[in-house]
1. Name, by its number, the condition in (1) touching a Lys or Arg at 6+ places or on another chain (Cβ under 7 Å); (2) more than 20 Å from Phe31 (Cα to Cα) that does not hold for Ser68.
2. What pairs come out if I take residues in region 31-47 that are touching a residue at least 12 places away in the same chain (Cβ under 8 Å) and surrounded by fewer than 18 Cβ atoms within 10 Å (Cβ to Cβ) and pair them with residues that are in a strand (DSSP E or B) and among the aliphatic types (A, V, I, L, M) whose C-beta lies under 7 Å away, six or more apart or interchain?
3. Could you figure out which of (1) of a type in the set (A, V, I, L, M); (2) open to solvent by less than 60 Å² (accessible area, probe 1.4 Å); (3) under 16 Å from Lys222 (Cβ atoms) isn't true of Met248?
4. Hand me the list of helices (runs of 4 or more DSSP H) wholly inside region 299-404 holding 2 or more residues that are within 20 Å of the chain's Cα centre (by Cα) and hydrophobic (A, V, I, L, M, F, W, C).
5. Filter region 15-30 down to the residues that are touching a helix residue (DSSP H, G or I) at 6+ places or on another chain (Cβ under 9 Å) and of a type in the set (S, T, N, Q), then identify the one that is surrounded by the most Cβ atoms within 10 Å (Cβ to Cβ).
6. How many residues are among the small types (Gly, Ala, Ser) and crowded, with 16+ Cβ neighbours inside 10 Å if we restrict to region 258-283?
7. Considering only region 52-67, I want to know if a residue exists there that is of a type in the set (Phe, Trp, Tyr) and more than 21 Å from the chain's Cα centre (by Cα).
8. Is there a residue being of a type in the set (Phe, Trp, Tyr), out of contact with any Leu (no Cβ under 6 Å at 6 or more places or on another chain), more than 21 Å from Leu116 (Cβ to Cβ) and surrounded by 14 or more Cβ atoms within 10 Å (Cβ to Cβ) anywhere in region 334-352?
Amino acid sequence: MAKKLLVIGHVWPEPKTTAAGCRMLQLLETFIAYGYEMTFASTAAKTEFSLDLDHFGITEVSIQLNHSSFDDFLVKLKPDTVIFDRFMVEEQFGWRVAEFAPKALRILNTEDLYSLRKAREEAVKKEREFTLDQWKNHPMTLREASSIYRSDITLLISPYEMDLLEQELNIPKALLFHLSFMVDPISLETVQQWPSFEERSDFVCIGNGKHAPNVDSIKLLKNTIWPLIRKELPRANLHIYGAYLPQMVKDMHHSKTGFHVKGWAENVGEVLQKHRLLLAPLRFGAGIKGKLLDAMIHGIPSVTTSIGSEGMHAGLPWNGTVTDDWDAFAQSAIQLYQHEENWTAAQANGPFLINSLYQKESLQNRLKIHLSEVTKHLAHHRDQNFIGRLLHHETLTSTKYLAKWIEEKNRK
């Protein structure tokens, strides 16, 4: 009999608009490969970009917050494993899963460390240097760390964030599992089919407009970096792609200066393969940047920041340039754009990084083995996590009765 997996999503997956959606699709495909019978549930409304999960044989269920109907749903489903998509979902539904499906393995999927991204964003907005103390003392960090302790396994996409939790917060390694993006290896035949340096033109920037780091980077390009590049390359153009771009970004469109705001790209691969260089001047953020991974997959070098490349290359050569100085950023972009030899050398680093760090098959096998070991010794695993049990007793007891109060209030 197939094991049952319940995924409780913060939103319905949108792999064509967000890196988080791509990550979720990879997780779903992984558990399909494991042979699980799968259900995806969410309180969110669907959009035009939401993935058709029925196509993958995954049951879709809409659920309500603060409602006992979810308890009945759990009892009937009897899941063997439950994935909470981000800590806010675990806060809302974790106590219900612990009470009504106590034997289910509870997995927290972080996508990125939300608290780290928020602390960095606040530092940028306040124009102050970011420090780890700011993150450690941020209220979101307390909430996210509590959720990690309450879960049996937390999936972390970035090795940097894995180290951060272990070394700075002393969270036991037994509760954490590094699982990067999982993609197919890039063959020599694929590389040979990529458009050449001469066949590509212009610059590109891509990112979901609902994601604050992306909007900030577009503003930075418009006001600071692109004018420097355009001065040296007066015929070059920069194309901005992304779903949900806010009006302030749409208003930046200015053909005469080569700044073109295009909006959503249905086929990211086609867009990336026709351009010569990707620009990602990210000043804050966390996790693994999907746009930079896509750049490697489609043979387009990138210029980014230390935040952009964080956790992505394990000290191996980047497929382009990493710098936090905007003059150097612009000059690096100009040099790579003009010199085929440098561009080709940078491009070659992409497949090496993909094949060394992101191979789907090996990562799926590692996760399968880890899940089997934890499941086999789940009682002992939980016994060793005293802080997690303490938090379940204290924090979720208060959350539980608050939820019941809200439910009763709504009923009246």
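1. (1)
2. Close Cβ pairs satisfying both conditions: Ile32/Met38.
3. (2)
4. Values: elements: 306-309, 326-338, 340-357, 360-376, 378-383.
By residue number, 340-357, 360-376.
5. Top of the filtered list is Thr18.
6. Of the residues in region 258-283, 3 are among the small types (Gly, Ala, Ser) and crowded, with 16+ Cβ neighbours inside 10 Å.
7. Narrowing region 52-67 to residues of a type in the set (Phe, Trp, Tyr): 56.
Within this subset, residues satisfying the condition of being more than 21 Å from the chain's Cα centre (by Cα) are 56.
Yes, because at least one residue in region 52-67 is of a type in the set (Phe, Trp, Tyr) and more than 21 Å from the chain's Cα centre (by Cα).
8. Yes: region 334-352 contains one or more residues that are of a type in the set (Phe, Trp, Tyr), out of contact with any Leu (no Cβ under 6 Å at 6 or more places or on another chain), more than 21 Å from Leu116 (Cβ to Cβ) and surrounded by 14 or more Cβ atoms within 10 Å (Cβ to Cβ).
The values are calculated or read from the model by the stated rules, or taken from the named source; none is laboratory data. This one's a predicted model, so the numbers in the text were calculated from it and none came from an experiment. As a convention, Cβ positions derive from the backbone with ideal geometry for all residues, glycine included, and neighbour counts pool all protein chains shown. Ligands, DNA and RNA are stripped out before the accessible areas are found, and what is left, the full protein with its side chains, is counted by its heavy atoms. Shrake-Rupley method; radii C 1.70, N 1.55, O 1.52, S 1.80 Å.
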